[in-house]
Amino acid sequence: MTDCPPRLEKKLVTRLLAWYDQHARVMPWRAIRPQAPNPYHVLLSEAMLQQTQVATVIDYFNRFTEAFPTIDDLAVADEQQVLKLWEGLGYYRRARNLHACARQIVSEHDGVVPNTVEQLLKLPGIGRYTAGAIASIAYDVPAPILDGNVVRVLSRWFAITDSTDEKPVKEQLWALADRLVPDKRAGDFNQAMMDLGAMICTPKSPACLTCPMNKHCQAREQGIEETLPKRTPKNKPTKVTHHVVSIQRKDQFLFTQRPADGLWSNMWQMPTFETVSEKVLPDQIKEQLGLQVGKLKQCQSFKHQTTHRTITFTHWQASNVTGRLRKNAGLWRRLDQLGDLPLAKPQLKVVASLQ
Ligand code: SF4
């Protein structure tokens, strides 16, 4: 177990909070003292920030809070409206979980976001990190957090040279985060760790010279900061191909809904076929949609990365479309009338290329 004497703990906390008071990033969901944080805004921002950069989240957060100013508004919203506002942010399961959270908070907690880690962990999609972040940021509960930024910062402060992907090392980091989080200003401390990781203690070329923690950082002292945190090499993502076919009838295009399970569940797309060869596309279109198409013209091709897959999207334009669309197989829509159809993220690129 990495040793952290109480005096050092105190120094780390004091220095970091002093730095945060001067350099905290301004974000629309962050309360500026003495203003109290809005727990609904904290919940919303934490859902959006998972796997996503702050700069990307800001517009989405503003649009969401305009459409759903309170948690009650979000709870009664239609799922397709929620997904439409989430469109382009990716990882759509987060949107569904957030929506389910709002409903549960309204039905079980009178619309008040719970203030304990234990209660927060009972909400859909809320894990240890998010529960700690909400409890500490919204209510100043001294709960630890451990995300990518905090892992990097702690592994450098304490020169942890084992892989941070290994469970015992993760637990060691959780224990350190728990010991460090102060009883007062817990939310600020956790946010300061995240800000330091995002602004100074960056993955590559950390700015040690200007870092407020450089006198207490063991990795810096040993000159190994750029080698940390250590990671276990991951399996390579599988390569797959998705063929997107734009099928036009007058000024309308055909859109189909994805299955309720799996990637981009229930989102809308132009007919998309997960197959290696484009030669089978006309047969698949006939079989699934009931339509005959003539020659397919290849348009753009682009890659989309998910956690486990590298997907090459190839866009084809169909011509000479005949036949009758199978019942419930899809909807015909003009491209300027997609307001109620949440589109899977890569489909936005295809649609944009046709506008
Ligand atoms: S001194 Fe360098 S490695 Fe240590 S916390 Fe600061 S930026 Fe990170």
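Count, please, the residues in the range 128-183 that happen to be open to solvent by 20 Å² or more (accessible area, probe 1.4 Å), within 16 Å of the ligand (Cβ to nearest atom) and either among the hydroxyl-bearing types (Ser, Thr, Tyr) or in a helix (DSSP H, G or I) (or both).
Counting residues in the range 128-183 that are open to solvent by 20 Å² or more (accessible area, probe 1.4 Å), within 16 Å of the ligand (Cβ to nearest atom) and either among the hydroxyl-bearing types (Ser, Thr, Tyr) or in a helix (DSSP H, G or I) (or both) gives 4.
Go through the residues of the range 81-101 one by one and say whether even a single one is open to solvent by less than 30 Å² (accessible area, probe 1.4 Å), under 14 Å from the mean Cα position of the chain (by Cα) and either among the basic types (Lys, Arg) or outside the structural domain of Trp174 (by TED's automatic domain parsing) (or both).
Yes, the range 81-101 contains a residue that is open to solvent by less than 30 Å² (accessible area, probe 1.4 Å), under 14 Å from the mean Cα position of the chain (by Cα) and either among the basic types (Lys, Arg) or outside the structural domain of Trp174 (by TED's automatic domain parsing) (or both).
Please state which of the following conditions Phe253 fails to meet, knowing it meets all the rest: (1) more than 16 Å from the ligand (Cβ to nearest atom); (2) touching a residue at least 24 places away in the same chain (Cβ under 8 Å); (3) open to solvent by 50 Å² or more (accessible area, probe 1.4 Å).
Among (1) more than 16 Å from the ligand (Cβ to nearest atom); (2) touching a residue at least 24 places away in the same chain (Cβ under 8 Å); (3) open to solvent by 50 Å² or more (accessible area, probe 1.4 Å), Phe253 violates only (3).
Is it true that Leu335 is in a loop (DSSP other than H, G, I, E, B) and touching a strand residue (DSSP E or B) at 6+ places or on another chain (Cβ under 6 Å)?
Values: in a loop (DSSP other than H, G, I, E, B): yes; touching a strand residue (DSSP E or B) at 6+ places or on another chain (Cβ under 6 Å): no.
Judged against the criteria, Leu335 is not a match.
With in contact with an Asp or Glu (Cβ under 6 Å, 6 or more places away or on another chain) and either modelled with pLDDT of 95 or more or in the same structural domain as Ala133 (by TED's automatic domain parsing) (or both) as the only criterion, which of Arg15, Arg25 stands out?
Working: Arg15 fails: in contact with an Asp or Glu (Cβ under 6 Å, 6 or more places away or on another chain).
Going through Arg15, Arg25 in turn, just one is in contact with an Asp or Glu (Cβ under 6 Å, 6 or more places away or on another chain) and either modelled with pLDDT of 95 or more or in the same structural domain as Ala133 (by TED's automatic domain parsing) (or both): Arg25.
Please determine, by comparing only the residues of the range 272-312 that are in a helix (DSSP H, G or I) and without any contact (Cβ under 8 Å) to a residue 24 or more places away in the chain, which one is nearest to Gln355 (Cα to Cα).
So the first thing to find is which residues in the range 272-312 are in a helix (DSSP H, G or I), and the list is 278-289.
Right, trim to without any contact (Cβ under 8 Å) to a residue 24 or more places away in the chain and you get 279-280, 282-284, 287.
On the way: Lys279: 27, Val280: 27, Pro282: 24, Asp283: 28, Gln284: 26, Glu287: 28 Å.
Filtering the range 272-312 for residues that are in a helix (DSSP H, G or I) and without any contact (Cβ under 8 Å) to a residue 24 or more places away in the chain, the one nearest to Gln355 (Cα to Cα) comes out as Pro282.
Condition (residue is open to solvent by 50 Å² or more (accessible area, probe 1.4 Å), basic (Lys, Arg) and in a helix (DSSP H, G or I)) applied to the range 212-222: is it met by at least one residue?
Step one: filter the range 212-222 for residues open to solvent by 50 Å² or more (accessible area, probe 1.4 Å), giving 215, 218, 220-222.
Applying the additional criterion that residues be basic (Lys, Arg) yields 215, 220.
Pick out the ones that are also in a helix (DSSP H, G or I) and you get 215, 220.
Checked the range 212-222: at least one residue is open to solvent by 50 Å² or more (accessible area, probe 1.4 Å), basic (Lys, Arg) and in a helix (DSSP H, G or I).
When the range 223-250 is examined, which residues are found to be small (Gly, Ala, Ser) and open to solvent by less than 40 Å² (accessible area, probe 1.4 Å)? Before the answer, list the steps.
Of all residues in the range 223-250, those small (Gly, Ala, Ser) come to 223, 246.
Within the range 223-250, just Ser246 meets the criteria.
For the range 190-241, what are the residues that are more than 10 Å from the ligand (Cβ to nearest atom), farther than 18 Å from Val13 by Cβ and hydrophobic (A, V, I, L, M, F, W, C)?
Ala198, Val240
The values are calculated or read from the model by the stated rules, or taken from the named source; none is laboratory data. The structure displayed is predicted, hence computed values, not measured ones. Glycine gets a Cβ as well: all are built from the backbone with ideal geometry, and neighbour counts include every protein chain shown. Keep in mind that these areas ignore ligands, DNA and RNA; they rest on the heavy atoms of the full protein, side chains included. Shrake-Rupley method; radii C 1.70, N 1.55, O 1.52, S 1.80 Å.
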